[in-house]
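K.L.:
Handing you a structure now.
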Ligand SMILES: C=C(O[C@H]1C=CC=C(C(=O)O)[C@@H]1O)C(=O)O
């Protein structure tokens, strides 16, 4: 294998279109003389777009599409058409994906017209909550899957980049590939206008308190039994915390409503990571999550503990009184500290140093406020992204503490498959930078129904009725974004 070609990412200071094209032609010509190179990636600056307008036109087509947006950070990725799919299942799924990823990286050459952390190869996707998927509901989602798309547009506050990826063996000669690259650049859809759905106007945001909730799995009786039994297990010191979740299902018809749904969540949750992954026409997973699992930047890891919740107040005074209650609630502090301690513990083998603040802050979302502790670590040099995800997932914010003791009871108490709910979801570039969120506040559209998920942490002094209400609080925004259709 020619290591020179792999390791040299030509970052060009392009001063004219003609010179740029010359560089491109030479790069492509070289590619065809390197038998070990199987894929080529090309990144070019393009005009800015509204990611949701782009998503809405991609969503009309068939097959894989991906959307990730952090509105307050002005960061987004929209991608379509799967070129390479890495997938795995079972206890080794993270290391398996890591190996497959390395193979792709070492057989790919990259041309980038500017130096940017998101130029070049990108892997997009996620992981299920448990190592294996159980039920047909999640057909076409795998326990681990990362896709290299045929095209993607990534955008931050300064740049909009188009990245195209090709298998070389689909072209007979360099000229054919060159023409295809140029054709694709010229055909980038012009989507500057903000996504504007007529049905997107602000509504009286909450799923009305007086409306009855759709049927839940488990139902209230079953929930009460599970929470009470969990508290008994905690008293018996079987485990100290367990996160139990619910699934509610509502009928769903319109193909395009997924984009309007995301658009409403984006409006309501600008500080969250909004995401959508469509595997095929009948399977779309989407949501807006406040919880980061891990972001990676040049050997630094940024993660957080997010656990402990209370509703928002109707007035600023009531809101800060509730925030105070949350901060001084020993039940919520306990629930939160399991997460902080466990993350710190798990990072020990992976990082030189771990930093965090002493006291949790309060993170306010439009429907709920949470206790929140940001955590930063300097990773050891040989530690890769997948081993960090494997170590961190699932944190006790969505799993339990200790995890091994709590895990079988989640399966016992929840009569549905979590699928990708509460699993890691995100993106990664070829040099190991990227971000994965915890896919909570999420739902699955499977052609006939929308299934929404929400959970909450059960500790020694939890009460079934208030935990039920907390999950209602988390489900309401999704229902209200959805009922508009
Ligand atoms: C498991 C969920 O939330 C977690 C994240 C924040 C606060 C939580 C809580 O207070 O219970 C949960 O740990 C969910 O929203 O489905």
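What follows is calculated from the coordinates using simple rules that are stated; it is not laboratory data. All figures in this text were calculated on a predicted structure; none of them were measured in a lab. When we count neighbours, we look across all protein chains shown, and the Cβ atoms used for this are built from the backbone with ideal geometry, even at glycine.
K.L.:
Going through segment 440-466 one residue at a time, which ones are more than 9 Å from the ligand (Cβ to nearest atom) and under 17 Å from the mean Cα position of the chain (by Cα)?
P.N.:
Within segment 440-466, 443, 444, 445, 452 qualify.
K.L.:
Counting just the residues of segment 472-482 that are touching a helix residue (DSSP H, G or I) at 6+ places or on another chain (Cβ under 7 Å) and closer than 14 Å to residue 367 by Cβ, which one comes out nearest to the ligand (Cβ to nearest atom)?
P.N.:
477
K.L.:
For the structure I just gave you, tell me whether residue 444 is part of a strand (DSSP E or B) and under 18 Å from residue 68 (Cβ atoms).
P.N.:
Considered against the rule, which asks whether it is part of a strand (DSSP E or B) and under 18 Å from residue 68 (Cβ atoms), residue 444 comes out as yes.
K.L.:
Mind counting the residues in segment 330-352 that are surrounded by fewer than 17 Cβ atoms within 10 Å (Cβ to Cβ) and either within 11 Å of the ligand (Cβ to nearest atom) or not in a helix (DSSP H, G or I) (or both)?
P.N.:
Here the count works out to 4.
K.L.:
Now, a different point. If only one of 414, 469 is within 13 Å of the ligand (Cβ to nearest atom) and without any contact (Cβ under 8 Å) to a residue 40 or more places away in the chain, which one is it?
P.N.:
Values: 414 fails: without any contact (Cβ under 8 Å) to a residue 40 or more places away in the chain.
Only one candidate qualifies: 469.
K.L.:
So, in segment 103-143, how many residues would count as being assigned to a loop (DSSP other than H, G, I, E, B) and in contact with a helix residue (DSSP H, G or I) (Cβ under 7 Å, 6 or more places away or on another chain)?
P.N.:
Final tally of qualifying residues: 4.
K.L.:
Related question: Could you list, in sequence order, the residues of segment 360-378 that are in contact with a helix residue (DSSP H, G or I) (Cβ under 7 Å, 6 or more places away or on another chain) and away from the ligand (no atom under 13 Å from the Cβ)?
P.N.:
Scanning segment 360-378 gives 366, 375, 377.
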